[in-house]
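Peer 1: Before I ask anything, here is the structure I am working with.
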Amino acid sequence: MFKIGNLRIRNPVFLAPMIDVTDLAYRQLCRKYVGMAYTEMIYISAILHENPKTKKLMMTNSNDKPIGLQVTGNNAEEFKELAKMNLKDYDLIDINCGCPSLRITGNEAGSYLLKNPGKIKEMIEILDNKIVTAKIRLGFKKNNVMKIAKEIEKAGTSALTVHARLANQGSSVKADWKWIKKVKREVGIPVIGNGDIKSGEDVDKMLDICDGAMVARAAIGNPLIFREIQRYLKTGKENKITKEEKLNEFKKYLELAKDYDVADINWIKRLGVEFLKGFKGAAKLREGFMLLKTYREIKDFVGKI
């Protein structure tokens, strides 16, 4: 049993929060096999304004547990307002200090915050009435991560996720796991490792150096990766996920997305092409798929594959 603060988590495998991927419907596909999941990253200012789109991003239910609300921002006053809100539907708040997108860093949020560990510490301290965790990268220089991690621990955070790339590095750069190991040695809170985890074997290796393993890109269009991760952790072997299984998972996603009304057509199409990878004539399938305009057309198209 894994614990973050007083929150009990049944296994140390985490579904990463990913924009345009991990809505409520997608999280439901992964729930059977993951210990923890999060909403997509949401600006605190958007939460405070309570617009309809943000409310959809924040949707959760009793089957979506445990759930973290992932937020980002840079305004202490907004964090104070968030601290006053009734967020009882969420088990914890996770502060994103690692998103490298220029759209996010341009607003001095996400990985931009790594330039100012004191600001991160302040934001965590403001939310001291809730379980708070943080997700970071290695900083703008790799040795900066040690200072950042210690400041975050001092602020009272209950766990820390470390994505093992620099703040300005993309996925083409190999994640440097040795820094996750170094952080784990220096802090006393649970450390969750993230970056280049693509299999059960990768998860097993990550759990040798820290407390938890967070899966991101490898789970896009492939929610059954978590089933195979759990199989590997129990048996040392993984089964190949078939194309038919992936297609069935996408059909489930379509139904859930419609039931929860959480995804628009463009969103569904972007995610759908990930499920179609590996099919014979996949390029032609994707080309036809992206021309579809309605939910009914998508459902019919998928039913004919």
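Peer 1: Is there a quick way to get the dipole size of segment 243-303? I mean about its Cα centre, with the Cβ of Lys and Arg at +1 and of Asp and Glu at -1; what is the value in debye to the nearest 20?
Peer 2: Details: 14 positive and 11 negative charges, 58 e Å.
Using Cβ point charges on Lys, Arg, Asp and Glu, segment 243-303 gives about 280 debye.
Peer 1: While we're here: Evaluate E = 1/(1 + (r/R0)^6) for ASP264 and ALA83, where r is the Cβ-Cβ distance and R0 equals 41 Å; express this FRET efficiency to the nearest 0.05.
Peer 2: Computed FRET efficiency for ASP264 and ALA83: 0.85.
Peer 1: Still on this structure: Projected onto the charge dipole of segment 2-235 (+1 at Lys/Arg Cβ, -1 at Asp/Glu Cβ, origin at the Cα centre), which of LEU15, VAL203, ALA25 gives the Cα projection farthest towards the positive end?
Peer 2: Value: VAL203.
Peer 1: I need the phi-derived Karplus couplings for segment 188-204: 6.51 cos²θ - 1.76 cosθ + 1.60, θ = phi - 60°, integer Hz, Gly and Pro marked x.
Peer 2: x, 9, x, 10, 10, x, 9, x, 6, 9, 10, 7, x, 5, 4, 4, 4
Peer 1: Also, quick follow-up: Evaluate 2.2 N^0.38 Å with N set to the residue count of segment 243-303, then give the Cα radius of gyration divided by it.
Peer 2: 1.02
Peer 1: Given 0.36 nm per residue, what is the gain on full extension from ARG231 to LYS299 after removing their alpha carbon distance, in nm?
Peer 2: Going from the current span to full extension adds 21.4 nm.
Peer 1: At 0.36 nm per residue, and after removing the present C-alpha to C-alpha distance, how many nm does the segment from LYS53 to MET1 gain when stretched out fully? Don't skip to the answer; put the middle values down first.
Peer 2: Details: separation 52, 0.36 × 52 = 18.72 nm, distance 3.50 nm.
The span from LYS53 to MET1 would gain 15.2 nm if fully extended.
Peer 1: In addition: Amide H to amide H under 5 Å from ASP94: which residues, 5+ apart in sequence or cross-chain, H placed 1.01 Å off N in plane?
Peer 2: Under 5 Å from the amide H of ASP94 lie the amide H atoms of LEU69, GLN70, VAL71, THR133, each far enough along the sequence or on another chain.
Peer 1: From the helices alone, meaning DSSP H stretches of at least four residues, give me the mean residue ellipticity at 222 nm for the chain, per-run term -39500 (n - 2.57), in deg cm²/dmol to the nearest 500.
Peer 2: Taking each H run of at least 4 residues, the total per residue is -12000 deg cm²/dmol.
Peer 1: Next question, about the same structure. Kirkwood Rh, segment 111-172, all Cα pairs: how many Å?
Peer 2: Numbers: mean 1/r = 0.0855 Å⁻¹.
For segment 111-172, the Kirkwood estimate is 11.7 Å.
Peer 1: Using the number of other C-beta atoms within 10 angstrom as an exposure proxy, rank LYS130, LYS280 with the fewest first.
Peer 2: Ascending Cβ contact count within 10 Å gives the list LYS280, LYS130.
Peer 1: For segment 142-238, would you read off the P(r) tail past 19 Å as a percentage of all alpha carbon pairs?
Peer 2: 44 percent
Peer 1: At a 10 Å Cβ-Cβ cut-off, how would you order TRP177, TRP267, fewest neighbours first?
Peer 2: If I rank by nearby Cβ atoms, fewest first, I get TRP267, TRP177.
Peer 1: Further, regarding this structure: Compute a Gaussian network model of the chain, connecting alpha carbons closer than 10 Å, and tell me which residue from LEU15, LEU292, LEU69 fluctuates the most.
Peer 2: Maximum fluctuation in the GNM of the chain, among the listed residues, is at LEU292.
Peer 1: Once amide H atoms are placed 1.01 Å from N in the peptide plane, what residues at a sequence separation of 5 or more from ILE4, or on another chain, have their amide H within under 5 Å of its amide H?
Peer 2: The answer is ILE9.
Peer 1: What is the diffusion coefficient of segment 18-123 in µm²/s, taking the Kirkwood radius over Cα pairs and the Stokes-Einstein relation at 25 °C with a viscosity of 0.890 mPa s?
Peer 2: 171 µm²/s
Peer 1: Shifting gears a bit: Please give the FRET efficiency for LYS32 paired with SER62, using the beta carbon to beta carbon distance and R0 = 25 Å, rounded to the nearest 0.05.
Peer 2: After rounding to 0.05, the efficiency reads 0.95.
Peer 1: Something else: Quick check on my link table: of LYS80/LYS184; LYS56/LYS299; LYS3/LYS135; LYS53/LYS258; LYS65/LYS252, which ones sit more than 27 Å apart, alpha carbon to alpha carbon?
Peer 2: Too far apart for the 27 Å limit: LYS80/LYS184.
Peer 1: Considering only C-alpha atoms, what is the centroid distance from segment 204-219 to segment 121-180, in Å?
Peer 2: 16 Å
Peer 1: Can you run phi through the Karplus equation (6.51, -1.76, 1.60; θ = phi - 60°) for segment 58-69 and list ³J(HN,Hα) in whole Hz, with x for Gly and Pro?
Peer 2: 8, 4, 8, 7, 5, 8, 9, 10, x, 10, x, 8
Peer 1: Sequence-distant or interchain residues sharing an amide H contact under 5 Å with ILE19, placed H: which?
Peer 2: Under 5 Å from the amide H of ILE19: MET41.
Peer 1: Ok, one more. Enumerate the calculated ³J(HN,Hα) couplings along segment 127-134 in order (Karplus 6.51 cos²θ - 1.76 cosθ + 1.60, θ = phi - 60°), each rounded to whole Hz, writing x wherever the residue is Gly or Pro.
Peer 2: Running phi through 6.51 cos²θ - 1.76 cosθ + 1.60 with θ = phi - 60° gives 8, 5, 8, 9, 6, 10, 10, 9 Hz.
Peer 1: Given segment 1-125, what percent of its DSSP beta bridges are antiparallel, to the nearest 5?
Peer 2: Numbers: 3 of 12 bridges.
In segment 1-125, DSSP labels about 25 percent of beta bridges as antiparallel.
Peer 1: Hey, another quick one. Roughly how many nanometres apart are two label points built 7 Å out from the Cα toward the Cβ at ILE19 and LYS174?
Peer 2: 2.9 nm
Peer 1: Hey, any idea what the orientation-averaged projected area of the convex hull of the chain's Cα atoms comes to, in nm²?
Peer 2: 15.2 nm²
Peer 1: Right, something else. If you average the C-alpha positions of segment 254-279 and of segment 10-44 separately, how far apart do those two centres end up, in angstrom?
Peer 2: Answer, in whole Å: 15.
Peer 1: Still on this structure, please answer the following. So if I place +1 on the C-beta of Lys and Arg and -1 on the C-beta of Asp and Glu, and nothing else carries charge, what would the dipole magnitude of segment 2-235 be about its Cα centre? I want it in debye, nearest 20. Walk me through the numbers on the way to the answer.
Peer 2: On the way: 38 positive and 26 negative charges, 116 e Å.
The dipole magnitude comes to about 560 debye.
FYI, it's all coordinate maths here, none of it is from the lab. Only a predicted model underlies this, so the values are computations on that prediction, with no experimental measurement involved. All Cβ positions, even for glycine, are placed from backbone atoms using ideal geometry, and neighbour counts span all protein chains on display.
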